[in-house]
Amino acid sequence: MIYVLGKLLQPLEGFSFLRLVEYLSARSIGAALTAILLTLWLTPRLIWYLQKRAWVDQLRDTGLPTSSDKAGTPVMGGAVIVGVVAFSSLLWCNLENAYVLLVLLGMLWFGAIGFVDDRAKMRARSGDKGMSERRKLVLQGLFAALLVAVLASPYSPLPQDEAARLYVPFVKAHLLDLPWVYFPCVFLFVLLVGNSVNITDGMDGLAIVPSVFVLGVLGVFGYLMGNAIWSRYLFYPFFPGAGELAVFCSAFAGAGIGFLWFNAYPAQIFMGDTGSLSIGGCLAVVSVLLKQEALFVILGGLFVAEAASSQIQDKVGIKWLGRRIFQRAPLHHQMQHNGLAETKVVIRLWIVSGMLALAALATLKLR
């Protein structure tokens, strides 16, 4: 909106300062500040509304002594994140950019699934009676299939010769260029990453900070890969228009920082599945559009470890072997089981996530 308005008014006398809207850096800063301020203003009002409607956390026993401490905390705070990121993006992004439209669609699609799941839990007054896992996977799979179809079509925002290429960290040339292998991998990647934040979101503030780290780094990649000079200098493929993702990622970083104000221990509000699934959808779509699926193993290593420990415990251990492989799962509950306080677990995992983000940035030059 501001981008379009600035382009229209810039030629007029007295409005030459609006040339700033042509700079991604200026719009990224504007998107971040807008998102922070809106989140700080809206979240207390949402907390009041959710408490009034008694839409609060439904106790789910984790076997840990602190599990009962969370009962009564408002849930569905992710609605603020989704709404603010969408508004800030519409305000500051170029709305004709296909990269931005795909990411917004992914965020809203996954967020809607999470919202329905949260509402089902509220109605049933049980944390175990939300949407079934199968139904969630089917709905998420529909979006993953749609994304694959767009990437494989002439309407893909990616250059046609890049659509099915897989890049890996530390290597300049692409590793794979086989559509029949790459696109099924993208489908699975969206499902796995889309649910990884949901698995990680089990302690106050745990999921939001690593999400800001990951999307912040992906925003840097988007800015560089959308610039012909920088992409050529760093031996990355040039994706015209991908720089607009830096504005979106900045909007998310602002919303995430604002939400942390209320989500830090002791949390006044939880993001719920509305937030965790929408964030997972953002991470997956941005990674795919920037060809950084393999980098996500490093950059999103915390989410990978959390999801892997949970699935190994549930699918391999309990369902196949009939016993636990870990004492607790996912990873943050294992650390808590070992005697670490919740705040110490969260801060240590933030530190790990920050280190992984720096390692991911290092791959820009180590190629």
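Taken together, the values in this text are just the output of simple stated rules run on the coordinates, not laboratory data. Treat the numbers as computed from the prediction; the structure is a model and nothing was measured. Virtual Cβ from ideal backbone geometry, glycine too; neighbours counted across all protein chains shown.
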For segment 42-56, what does the Karplus curve 6.51 cos²θ - 1.76 cosθ + 1.60, with θ = phi - 60°, yield as ³J(HN,Hα) per residue in whole Hz, taken in order and with x for Gly and Pro? 7, 4, x, 5, 5, 4, 4, 5, 5, 5, 5, 7, 6, 8, 10
Tabulate in residue order the Karplus-calculated ³J(HN,Hα) for segment 223-236, using 6.51 cos²θ - 1.76 cosθ + 1.60 with θ = phi - 60°, rounded to whole Hz; enter x for Gly and Pro. 4, 6, 6, x, 10, 4, 6, 5, 5, 5, 5, 8, 6, 10
As an exercise, identify the trypsin sites (Lys or Arg not before Pro) in segment 115-176 lying in DSSP coil whose Cβ has no more than 15 other Cβ atoms within 10 Å. ARG125, LYS129, LYS172
Low-density loop cleavage sites - trypsin sites (Lys or Arg not before Pro) in segment 271-360, where at most 10 other Cβ are within 10 Å (DSSP): ARG323
Within the chain, longest stretch free of exposed GluC sites (Glu not before Pro) [DSSP loop, at most 14 other beta carbons within 10 Å]: 97-367
Find the centroid of the Cα atoms in segment 66-129 and in segment 323-348, then give the distance between the two in whole Å. 26 Å
Determine by what factor the alpha-carbon radius of gyration of segment 166-254 differs from 2.2 N^0.38 Å, reporting the quotient. 1.26
Under a cut-off of 16 Å between alpha-carbon atoms, report the aspartates and glutamates in cross-link reach of LYS129, not counting same-chain residues fewer than 8 places apart. ASP57, ASP61, ASP117, ASP118, ASP273
Counting every Cα pair in segment 182-224, what percent are over 12 Å apart? 68 percent
Across LYS291/LYS315; LYS344/LYS365; LYS136/LYS315, pairs whose alpha-carbon gap is larger than 26 Å: LYS291/LYS315; LYS344/LYS365
Suppose only helical runs count, i.e. DSSP H with n ≥ 4. What mean residue ellipticity at 222 nm does that imply for the chain under -39500 (n - 2.57) per run, divided by all residues and rounded to the nearest 500 deg cm²/dmol? -20500 deg cm²/dmol
Using amide H atoms built in the peptide plane, which far-off residues or other-chain residues are under 5 Å from ASP57 H to H? GLY72, THR73, VAL75
Pull up the cross-link candidates among the lysines for LYS52, meaning alpha carbon to alpha carbon under 18 Å and not fewer than 8 places away within one chain. LYS70, LYS121
